[in-house]
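Following: one structure in structure tokens, then a few remarks.
The values are calculated or read from the model by the stated rules, or taken from the named source; none is laboratory data. Computed from a predicted structure; not experimentally measured. A quick note on method: Cβ atoms are made from the backbone with ideal geometry, for glycine too, and the neighbour counts reach across all protein chains shown.
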Amino acid sequence: MDKRRYFLRKIANALLTIVVVISFNFILFRILPGDPARLLLPKGRFQAGAIEKQRKIFRLDKPLYEQFVFYWWDTLNLELGFSFKEKRPVAEVVGERIWPTILLAGTGTIIATLVGYTTGVFAAWRRNSKYDVLTTNAGMFFYSMPTFWFALICIMIFSVQLGWFPVGRMLEPGATFDHWYQQAASVLYHMILPVSTFAIAYVGEYHLIMRSSLTGVMKEDYVLTARAKGLSENKVLWGHVVPNAMLPTVTIVMMNLGFVMSGTILTESVFNWPGLGLLAYESMLNRDYPVMQAVFLIAAVAVILANLVADIMYYYLDPRVKA
Amino acid sequence: MSAATAKAKKGAPAAKPAAEKKAARIEHPGLLDVRDLKAYFRLSAGWVKAVDGISFTLEPGESLGLAGESGCGKTTAATALIKLLPENGRIVSGEVLFDGINLAKRTEFGMSKIRWKEISMIFQGAMNALNPVKEVGDQIIEPIRLHDNIGEKAALARAKELFELVGINPKRIGEYPHQMSGGMRQRAMIAMALACNPRLVIGDEPTTALDVMVQAQILELIEKLREELDLSFILISHDLSVMAETCDKGVIMYAGRVVESGSVEQIFNNAEHPYTRRLIKSFPNIHEKREMVSSIPGDPPNLLYPPPGCNFSPRCERCFEPCTSVEPQLTEIEPGHFVSCHLFGVPDQATQDAASADVAATDAHLAAALEAEAQ
Amino acid sequence: MSAVTSQKNGSAGPGDPEQPVLEHGTMPSRLKRWIIIWTPVVWLVMTLATFPKDRPVTSGFGNVMGGFVSDEIARYPAWVVLILGLLILGFAILSLLRRQRKHTLAYALFALAAVLLGWGFAAGFDDGGWSLTSSSEVLGWLWQTIAIVLIGAAVWAWGYANPERAYLMVFNTRQTWRLYRSNWQGMAGIIIMAFFAAMALLSPFLADHAYLAPNAQIGLPFEPPWSSYYGWFGTDEQGLSVLAEFIWSSRISLVVGLLATAISTMLGAAIGIFSGFYGGWRGEIGMRLTDWFLVLPWLPLALVLAAAWGQNYWMIILIIGITSWPGTSRIVRSQTLSVRELQFVERSRAIGSSNFHTMMRHILPNVFPLIFANTVLVVAIAILSETTLSFLGLGDPLNFSWGTMLRGAWVSGAAGLPAWWYILPPGFAIILVVLAFTFMGTAFDEVLDPKLRKREEAGSRPEGPDAATAAAAGTPEAATPIVSMDGAVLPEGGLPHLRHEQDYDPPKGGEQ
């Protein structure tokens, strides 16, 4: 298959999936029990006629197909509705919350991948050694651990008992800085606990994945060939085993990157990190449906794009795809 | 010497200055002399005696066939020669004298100098023996650059030369294994095996996964290269006809032991061991009267618990009293023709005692190794 | 015939003294023993699961025994029992239609269906007349006891009518268990699980449910542990006993995890087999559906759904169930694809079996071990998911789970005190349970993997050296279990577990 056709097919596939997810969002909202117009209003008392007004604004009085068309139009124009908690357009709210999340999740993922992969490679290479038994059992433990519980433990030990790190937030409220680097340092300082919490579960997972993938590859004949060639153990490992073992893990890491939202919701809620995850949690508490929907859409599109990136990376990593 | 070697013409085997360097060599009959080699695997249930004392010799330029049913330890023997046993396998005793150097005692570092440079391998089913994510050319260049210490360009030129030698268009040097057909991959594998002008090439079932036409082509190629390059060759195969066609010498293995060895003529025209005879009978002979091919009844023994005495005794039609208790020894029944069978003389008490003492020593060695590992 | 001989060859052989000697055509006595042992166990589990909540051991022997015949036992909504009864009735009719010499199984199933339907109708009558959802006091314990005894009888009748299949089941189960036993992680998983399952089932005896009431303070808020029984784990932010909460939480956490997994597995297996069995556009639809659900970010979706649908455990079960099936579906599909190509499936189609018959009788048995191993792994994920949702405040406000406890600790600022006694127990319980299921899942994966199986057996079976050397040479870590997260990837060619099934399958087609 030539390159263009492969990419076009993958991109078309991703676009189709995005279309389906956005339509699913439309349907989901309308099959939820209760009046959608009512759901779009804050809980509690509201003025008479408010529902009718809401219905007009969201064109809920129009026939379904017309609603569908308008929904698409609005979504494509990034008019995701109006947050009644923040009293601002959702796009604006989401726009300012997205960067802290990218900072947190990005750093966390990079750390998790690097650490998990390295420990996994060495565990598989030194199979059944003390190091392997220790790291793999630790990996299982971290993988089975609820993220938020670890966050609570971290706060309990490092913030409360030892007082090493702040309890949460990205910056102290009302803090002012003379220079940008002071602010950056403060953010970094605040980041340490959330990022480690976020990363630790993935470290366990990547460790296990890499180890099991490597174990499979090490049994392949071409590894024996490489050894027979007189290559040193290191050259066999990094030149022949790891490149092959990486392949299946690319998809998994990219998939996880897409599902980062689940991790951030928990980490950000516990640490009060002002990102999309905390936004999702807050809007859930306030029943702020427009915001929740926007977060859901962003998360879904992120997964799809991450998958697309995985496919593209695969194309360059595995020559067999090109055949 | 590397550059010179790389450029040396195909026909003339490169001079090996290394061969003369070391004075303190053991007197040896040939290029390779395997003496009572034992390689066992460790399982949770005990030791699998995959190779249990094999011996043979190989002269320079000679080709030797190692044959037997699948699972009789042929591949283990081959990997033991260059010390590439899996993690749980180990050479328990015996010597592998290559040009007078005992490989069985050599360190991993020392082995890495020998591997591919002196002894290379053609693996079974080149489909899996070539790394799928690396270009074939790169995989050939890799050992050349490692052992001969020459530049990228010279190595590439050498690889192209090799491709031509094995009959592949050198333009395909940049292709990946999956882009080649099975036969072509095997040719590339052979090219790779010849990359460093080794003195000994071990072919582990080099034609098994291929269809008959391609098999014939590959065998022809090996034959041609052997003559041109004056290679020593060990061919491992379960197919006796392949062995008969390509080899000068034959070694028949059964359940980890050598049952018969000698020249190919001796083995095929004058087979003496009951197992060899049955094995030859189980292949159709196209030159003689058509006969029903007969298989050997029964299964090979479990090497974790080999039967006492001769390993073949439970399946042997000519089994008699000492077979089930006394281990037979290889005896020379005519010059160069060895058979391990009581039909040709039961070993005397002294030999038996020596053999059992040897076994006891091996067991003690294994026990000690286990203990050392446990600590 | 071929079935029995082939097993004799493939089984432990003369080396295994435990090898059951069975004659062809008789019901294996081991199955009888299983029925005799497991029927009371099932009865006990079902009864304990609905045991009255207010009868701790301290309330006296008579009171506890009285609990077994109390009104609360087996009060299921009428529709649950009725649907079960209708299903059994369907099976009974089907088995009656089969041309078989003995109809004992059909009669047992009819009796069971009659009991269930009778129970369902009787349970539906309440003060306000008859309704599907009500569950009045109709001696549920008696109905349930009779139903479980009849289930045991039905299995007995099945073994009696299908001795070869019964033999296969006994054989396979024993073989699997024999291998499973040697896996220390799997055994550790079972032991941990047994502990928490016992805690969940016995919670009415271990802690009085009354201690969970908002006004049942046993001390000041956030009091550290002290020596009295309910004070072992200290108190929470309201002064309630953390121990009582901890014990009762195990029930919800496990039940939600298991039920959500049941939904997830059924959906995943059905869609996976369907899309693997049918190629073409039908298979494509199944695959696309799987892919779409696979990319739905489950937690944001669950937040939307839970916020809209309200907070109770049925919703949580449903949400976890419908967001976690695509993984199973993918694995099952790829296995179905390889099983479909096997000879006995083609044979079955060649003799004109219906697609449904082929799927039920040939595909399902061959992908079942895989589904089973996967299910155990999904339970771990489902329990974590439940904990997560409860932690975010979407759990049932009326019941405790370990997730809700952690939410309580978080919201009340227990970490700041630090009230470790409130945070540690639920966290460690979750980790242990999830680890236990992961261990069990990977252990099953290994046991059901033909390659590994061969390796294990090579040691104990005097067979060809082929197996022994190949196994020895191929897998260096002969004795140590592997943790494989990719356990789902099984080699092609089906699983040995039911490879016997393939020998067994009668070449005649008139059985359905």
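General remarks:
- Checklist (1) surrounded by 24 or more Cβ atoms within 10 Å (Cβ to Cβ); (2) within 21 Å of the chain's Cα centre (by Cα) applied to residue A:240, failing item: (2)
- Test: residue in the stretch C:221-235 that is charged (D, E, K, R), in contact with a strand residue (DSSP E or B) (Cβ under 9 Å, 6 or more places away or on another chain), surrounded by fewer than 20 Cβ atoms within 10 Å (Cβ to Cβ) and in the same structural domain as residue C:421 (by TED's automatic domain parsing): yes
- Leading residue by the ranking (nearest to the other protein chains (Cβ to nearest Cβ)) among those in the stretch C:277-292 that are part of a helix (DSSP H, G or I) and more than 25 Å from residue A:303 (Cβ to Cβ): C:281
- Scan of the stretch A:159-205 for residues that are touching a residue at least 12 places away in the same chain (Cβ under 8 Å), part of a loop (DSSP other than H, G, I, E, B) and not hydrophobic (A, V, I, L, M, F, W, C), ordered by number: A:166, A:168, A:169, A:172
- The stretch B:335-375, residues that are surrounded by 14 or more Cβ atoms within 10 Å (Cβ to Cβ), under 25 Å from the mean Cα position of the chain (by Cα) and over 25 Å from residue B:92 (Cα atoms): B:337
- For the stretch B:136-152, the set of residues classified as in a loop (DSSP other than H, G, I, E, B), on the phi < 0 side of the Ramachandran plot and surrounded by fewer than 18 Cβ atoms within 10 Å (Cβ to Cβ) consists of B:151 only.
- Residues that are surrounded by fewer than 20 Cβ atoms within 10 Å (Cβ to Cβ) and either of a type in the set (S, T, N, Q) or more than 10 Å from chain B (Cβ to nearest Cβ) (or both), drawn from the stretch A:243-254: A:248, A:250, A:251, A:252
- Selected residue (criterion: surrounded by the most Cβ atoms within 10 Å (Cβ to Cβ)) from residues of the stretch B:297-311 that are at pLDDT 80 or above and away from every other protein chain (no Cβ under 12 Å): B:310
- Unique match (being among the hydroxyl-bearing types (Ser, Thr, Tyr) and touching an Asp or Glu at 6+ places or on another chain (Cβ under 8 Å)) among C:290, C:235, C:265: C:235
- Flag for residue A:308 being out of contact with any His (no Cβ under 7 Å at 6 or more places or on another chain), within 14 Å of chain C (Cβ to nearest Cβ), at pLDDT 85 or above and in a helix (DSSP H, G or I): yes
- Selected residue (criterion: farthest from the other protein chains (Cβ to nearest Cβ)) from residues of the stretch C:392-413 that are in a helix (DSSP H, G or I) and crowded, with 24+ Cβ neighbours inside 10 Å: C:404
- Selection within the stretch B:120-142: residues that are modelled with pLDDT of 85 or more and out of contact with any helix residue (DSSP H, G or I) (no Cβ under 7 Å at 6 or more places or on another chain). The member of this set that is farthest from the other protein chains (Cβ to nearest Cβ) is B:138.
- Qualifying residue in the stretch A:129-148 (condition: among the charged types (D, E, K, R) and more than 13 Å from chain C (Cβ to nearest Cβ)): no
- Boolean, residue B:332 is closer than 17 Å to residue B:54 by Cα, surrounded by 14 or more Cβ atoms within 10 Å (Cβ to Cβ) and in the same structural domain as residue B:250 (by TED's automatic domain parsing): no
- The stretch B:321-348, residues that are aliphatic (A, V, I, L, M) and either at pLDDT 85 or above or closer than 22 Å to residue B:250 by Cα (or both): B:330, B:333, B:339, B:343
- Only strands (runs of 3 or more DSSP E) whose full extent lies in the stretch B:1-90 are considered here, and the ones with at least 3 residues that are in contact with a Cys (Cβ under 9 Å, 6 or more places away or on another chain), modelled with pLDDT of 85 or more and away from chain C (no Cβ under 11 Å) are B:63-67.
- Hits in the stretch C:275-306 (condition: closer than 21 Å to residue A:16 by Cβ and in contact with a Lys or Arg (Cβ under 8 Å, 6 or more places away or on another chain)): C:275, C:286, C:287, C:290, C:294
- Top-ranked residue of the stretch C:19-61 - restricted to ones that are over 24 Å from the mean Cα position of the chain (by Cα), crowded, with 18+ Cβ neighbours inside 10 Å and closer than 20 Å to residue C:165 by Cβ, ranked as modelled with the lowest pLDDT: C:22
- Scanning the stretch B:251-271 for residues that are touching a residue at least 60 places away in the same chain (Cβ under 8 Å) and over 24 Å from residue B:309 (Cα atoms) gives B:263, B:264, B:266, B:270.
- The condition of being within 12 Å of chain C (Cβ to nearest Cβ), more than 25 Å from residue C:410 (Cβ to Cβ) and without any contact (Cβ under 8 Å) to a residue 60 or more places away in the chain holds for residue A:303.
- Only a single item in (1) at pLDDT 85 or above; (2) crowded, with 23+ Cβ neighbours inside 10 Å; (3) within 10 Å of chain A (Cβ to nearest Cβ) is not met by residue C:420, and it is number (2).
- Total residues in the stretch C:364-382, condition within 11 Å of chain A (Cβ to nearest Cβ) and more than 13 Å from the chain's Cα centre (by Cα): 1
- Residues of the stretch A:264-277 that are crowded, with 23+ Cβ neighbours inside 10 Å and out of contact with any Ser or Thr (no Cβ under 6 Å at 6 or more places or on another chain): A:265, A:268, A:269, A:270, A:271, A:273.
- The condition (being part of a helix (DSSP H, G or I) and closer than 21 Å to residue B:62 by Cα) is satisfied by just one residue among B:191, B:155: B:191.
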